[in-house]
Amino acid sequence: MTVLARVRDLTRRYHDTTALDGVSLDVPAGQVLGLLGPNGAGKSTLINVMTGLLRPSAGSVELCGGDPRSESTRRVIGVTPQETGLPETWRIAELVDFVAAHFPDPVDRAELLDRFDLTPLADRQAGGLSGGQQRRVAVALAFVGRPRLVFLDEPTTGLDVDARRTLWDGIRSFHADGGAVLLTSHYIEEVEALADRVVVMDQGRIIADGSVAEIRGQVRLKRVTLTDPILPPLSGVASIERDTDRTHLLTNDATALVRELVTSGASFTDIEIESASLEDAFLAITGDRRTT
Ligand code: ADP
């Protein structure tokens, strides 16, 4: 297994805040790794230290065997930080060409624009685009140099559903060609849709690391969904959520709950039992730590 990013005992402090507290992580070639965590967990700091934008207080980062700040390393990675500013008067095609000029074997401009559905915007000035369009351009630019590893910090925040799906398709096609991605996201479904592996951070540390299924499995929560229930008081229900016509009961023991529902004579139709979502698991993992 080729390791593209090797992070060892990384610590980063801002004055008296410890944003990263001894993080170690390997990112292998070809993997899409989703980094999850509540606000302030240290995700952006980790990406910024890994990509050489910030210096660590202690510990080390190796990217493709080199220093993240060296020019040869920068040629094999792509980065879209959380805050991106595009030069307002530049046309999108010019921007792509400018970035491409920094790489030995860039992606063909037309192919890149097509992959990210930006062809209709090629002749538009960056400053005249909507925030969401600018974001799509900023993400696409990370892929221009045929990187081996791309870092995306909240790539689709603020995008509508169609634009998000277009970006997902672009990321998937890069992954299908063997590319590796480390991405953070506020949208759990984005991580669920794209990632091979999920790393959960909280308070500067990694608190869970596994496949989507493994992270889900770390909590035994099941989601029992009912229509039109009239429920007696029930034991063993972690939480109840209601949407327009369905009621969802989260429980650690679905069998016992179903037994209790039936013997109590509760009225309901259409029972459905499924594993908790990644979001349920994420909330349970980070929530548990905060209450202990
Ligand atoms: P996340 O990306 O998971 O939301 P961040 O990496 O942005 O987390 O932040 C981690 C911690 O470091 C937070 O407590 C945040 O307030 C703090 N922090 C981040 N950037 C700075 C900064 N420039 N100065 C001081 N504290 C910062």
Would you check which residues across region 25-39 are touching a residue at least 24 places away in the same chain (Cβ under 8 Å) and under 17 Å from residue 202 (Cα atoms) and list them? 25, 33, 34, 35, 36, 37, 38
Can you find even one residue in region 36-55 that is away from the ligand (no atom under 11 Å from the Cβ) and over 28 Å from residue 178 (Cβ atoms)? yes
Exactly one of 138, 93, 193, 126 is under 20 Å from residue 77 (Cβ atoms) and assigned by the TED database to the domain that holds residue 31, and that one is 138
One residue from 130, 60 being closer than 30 Å to residue 188 by Cβ and among the polar types (S, T, N, Q): 130
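Being surrounded by 18 or more Cβ atoms within 10 Å (Cβ to Cβ) and assigned by the TED database to the domain that holds residue 8 narrows it down to one of 112, 53, so name that one.
Result of the check over 112, 53: 112.
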What pairs can you find where one residue is in region 189-212 and charged (D, E, K, R), the other is outside any strand (DSSP E or B) and within 16 Å of the ligand (Cβ to nearest atom), and their Cβ atoms are less than 6 Å apart, with a gap of 6+ or different chains? 202/37; 202/41; 202/286; 202/289
Can you name every residue in region 234-275 that is more than 18 Å from residue 217 (Cα to Cα) and touching a Gly at 6+ places or on another chain (Cβ under 8 Å)? 256, 257, 260
Quick check on my filter: what residues within region 148-161 are under 24 Å from residue 93 (Cβ atoms) and at pLDDT 95 or above? 150, 152
Going through region 9-35 one residue at a time, which ones are within 8 Å of the ligand (Cβ to nearest atom) and surrounded by fewer than 15 Cβ atoms within 10 Å (Cβ to Cβ)? 14, 15, 17
Give just the number: which of (1) touching a residue at least 40 places away in the same chain (Cβ under 8 Å); (2) in contact with a strand residue (DSSP E or B) (Cβ under 7 Å, 6 or more places away or on another chain); (3) surrounded by 12 or more Cβ atoms within 10 Å (Cβ to Cβ) does residue 248 not satisfy? (1)
Filtering region 54-71 down to residues that are of a type in the set (S, T, N, Q) and touching a strand residue (DSSP E or B) at 6+ places or on another chain (Cβ under 6 Å), which residue is nearest to residue 24 (Cα to Cα)? 60
If I filter region 69-85 for residues that are surrounded by 17 or more Cβ atoms within 10 Å (Cβ to Cβ), charged (D, E, K, R) and either within 16 Å of the ligand (Cβ to nearest atom) or on the phi > 0 side of the Ramachandran plot (or both), do I get at least one hit? no
Mind listing just one residue for me: the one in region 72-86 that is more than 15 Å from residue 180 (Cβ to Cβ), in contact with a helix residue (DSSP H, G or I) (Cβ under 6 Å, 6 or more places away or on another chain) and not aliphatic (A, V, I, L, M) and, of those, modelled with the lowest pLDDT? 84
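The values are calculated or read from the model by the stated rules, or taken from the named source; none is laboratory data. All of these numbers come straight from a predicted model, not from anything done at the bench. Ideal geometry is used to build each Cβ from the backbone, glycine not excepted, and the neighbour counts take in all protein chains shown.
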